[in-house]
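Each reported figure results from applying straightforward, stated rules to the coordinates on display, with no laboratory input. Remember, predicted model here, so these are calculated numbers, not experimental data. FYI the Cβ positions are ideal-geometry reconstructions off the backbone, even for glycines, and counts take in every protein chain you see.
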Amino acid sequence: MPVSKCWRAFLLWVKLNFEWILQDTLMLLHVPEILTKSQVATIRHTLGSGSWVDGASTAGPLAAESKRNLQFSTESTDYAALSQSIISALEKHPLFVSAALPKRILPPMFNRYAGGQTYGNHIDNAVQTDRRDGERVLTDISVTVFLSEPEDYEGGELIVEDTYGSHEVKLPAGDAIVYPSSSLHRVEPVTSGERVASFLWVQSLVRDAWHRNMLFNLDMTLMKLRGQIGNTEEIVALTGHYHNLLRQWG
Ligand code: NI
């Protein structure tokens with residue numbers, strides 16, 4: 001093979017593999033059915049009877065400039081119970097737990113976009129205060145749980161940017177998207193209907209996204225293998241390695 005052809009093949013290999021590695025590291029994960037449709041309906045009903053405040057009031061000074069939405073008031077009587085119901089649902093979801101390895105899930109909040117409202121490009125604050133105990137927490141993972149069906153509104157896509165472009169997310173009510181808090185992201189203007197969602201941050205047991213992703217892939221593969229061949233001696237040994245890696249990286 002001529003050198004130039006070899007070089008081109010190598011570049012293509014690097015491009016394909018680096019794209020794969022970067023996308024792998026970004027790990028935008030769709031977690032289906034965090035909530036059932038009936039849980040979504042109950043939450044939406046309760047949200048409808050509470051009070052909403054300007055979303056910019058809870059953003060940092062920079063993000064506030066581009067944040068145009070409403071947030072369910074954390075002073076509302078129902079807020080704590082609603083927030084806890086999302087945490088309980090997340091903690092019960094094996095895919096979410098495996099991907100996020102949560103150490104602390106900050107109390108979820110709720111937002112609403114309508115009439116052209118939008119949230120421009122931003123990176124979430126690195127530090128959030130847990131309102132339950134005043135603890136300052138470093139955020140590793142951002143989560144959006146969709147509470148409106150995609151056909152109920154126009155626009156409102158969550159766009160997460162990386163080196164290779166934009167990832168567009170619009171999911172069924174009850175589904176969640178999980179992504180690293182270090183990602184640049186925005187919510188496109190909602191031009192008709194309304195988009196209601198819950199959003200939250202997680203501090204992970206494993207702070208490094210690459211390590212977290214490797215553990216997630218290993219856990220998923222082990223789960224599949226266990227389903228295929230049962231708990232063989234080798235599966236038990238590999239599961240031990242998973243836990244030892246978690247010890248090492250956590
Ligand atoms: Ni954000």
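Some observations on this one:
- Applying both filters, DSSP loop and at most 13 other Cβ atoms within 10 Å, to the GluC sites (Glu not before Pro) of region 36-144 gives 65, 75, 135.
- Selection of trypsin sites (Lys or Arg not before Pro), region 105-206, meeting DSSP coil and at most 14 other Cβ within 10 Å: 131, 132
- By the Stokes-Einstein formula, at 0.692 mPa s and 37 °C, region 27-206 with its Kirkwood radius over alpha-carbon pairs has D equal to 202 µm²/s.
- In this simple spin-label approximation, residue 149 and residue 208 carry label points 7 Å from Cα along the Cα→Cβ vector, and these lie 4.5 nm apart.
- Amide H contacts under 5 Å for residue 156, placed H, 5+ residues apart: 188, 190, 191
- Difference of contour (0.36 nm per residue) and Cα-Cα distance, residue 223 to residue 136: 27.9 nm
- Calculated FRET efficiency, residue 241 to residue 168, Cβ-Cβ distance, R0 = 51 Å: about 0.90 to the nearest 0.05.
- Efficiency of FRET from Cβ geometry, residue 91 and residue 234, R₀ 41 Å, rounded to 0.05: 0.85
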